[in-house]
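What follows is a single structure, written as structure tokens, with notes after it.
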Amino acid sequence: DAEITQSPRHKITETGRQVTLACHQTWNHNNMFWYRQDLGHGLRLIHYSYGVQDTNKGEVSDGYSVSRSNTEDLPLTLESAASSQTSVYFCASMDWNTGELFFGEGSRLTVL
Amino acid sequence: GDSVTQMEGPVTLSEEAFLTINCTYTATGYPSLFWYVQYPGEGLQLLLKATKADDKGSNKGFEATYRKETTSFHLEKGSVQVSDSAVYFCALSIMDSNYQLIWGAGTKLIIKP
């Protein structure tokens, strides 16, 4: 069965370190998204991509970057982690035909 | 701009009670409407959707009707179970915006036995 996987599921890092969260989907979807989820803020869009070599900033993109070198993967990089980036991060891909989003199980990041 | 407003939680009910979670939207185009559910420790998953006015989406005993006249998409279930405890998100997408989703804040539902 097709799926979307995130890794690592849990990570603790220190302020100033670079962190990369991986996202891999096997549906061959062009549209992929990264969200963060925090209490009181719901889901906030960080970055998104509509295909290979395409990346776009979402509403909370500062301090984050993404790259899209193939259809399957959209890694999210925190260039210099800050405590404000402690959160749960969700990757999703979209079925263009139906508009349905498929989410990964999330990556819980703690920045100390 | 486009937006989604849903009732604040948490909503606490007893098992077998009737559930309504309100969702209203503003949109300039012709949105599709969705309810997603997030069980504890998991990612979101699609619960139901409706793509045009008067459509009714249904799944797992939940229903929601796309009401264009009241710009609403309220989620209902006739008899909730403890296993329905989760966070529910209302969302809309518009084809003209390349299917970008606009999310409500989420409503936490707690069902007590």
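The values are calculated or read from the model by the stated rules, or taken from the named source; none is laboratory data. This one's a predicted model, so the numbers in the text were calculated from it and none came from an experiment. Cβ sites come from the backbone with ideal geometry, for glycine too, and all protein chains shown count toward neighbours.
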ask   = Restricting attention to the stretch A:99-112, and to residues there that are more than 7 Å from chain B (Cβ to nearest Cβ) and outside any loop (DSSP other than H, G, I, E, B), which single residue is nearest to A:LEU21 (Cα to Cα)?
value = A:SER107
note = Being more than 16 Å from A:ALA92 (Cβ to Cβ) and of a type in the set (S, T, N, Q) narrows A:THR20, A:THR5 down to just A:THR20
Selection status of A:ARG44, under 20 Å from B:ALA105 (Cβ atoms) and more than 10 Å from chain B (Cβ to nearest Cβ) = no
task = Just need a number here: residues in the stretch A:65-88 that are part of a strand (DSSP E or B) and either out of contact with any strand residue (DSSP E or B) (no Cβ under 7 Å at 6 or more places or on another chain) or within 13 Å of A:ILE4 (Cβ to Cβ) (or both).
result = 1
note = Screening A:SER65, A:SER49, A:SER80, A:SER69 for residues that are of a type outside the set (Lys, Arg), crowded, with 16+ Cβ neighbours inside 10 Å and closer than 22 Å to A:PRO8 by Cβ leaves only A:SER49
task = Restrict the check to the stretch A:90-110 and report whether at least one residue is over 28 Å from B:PRO40 (Cβ atoms) and modelled with pLDDT of 95 or more.
result = no
key: Criterion violated by A:SER83 - all others in (1) among the hydroxyl-bearing types (Ser, Thr, Tyr); (2) free of Cβ contacts under 8 Å to residues at least 24 places away in the same chain; (3) away from every other protein chain (no Cβ under 14 Å) satisfied   = (2)
message = Suppose we keep only residues that are surrounded by 23 or more Cβ atoms within 10 Å (Cβ to Cβ) and under 12 Å from A:HIS29 (Cβ atoms) within the stretch A:87-98. Which one would you say is farthest from the other protein chains (Cβ to nearest Cβ)?
response = A:SER93
inquiry  = Could you check the stretch B:42-74 and list, in sequence order, the residues that are buried (at least 19 other Cβ atoms within 10 Å of the Cβ) and within 13 Å of chain A (Cβ to nearest Cβ)?
reply    = B:GLY43, B:LEU44, B:LEU46, B:LEU47, B:LEU48, B:LYS49, B:ALA50, B:GLY57
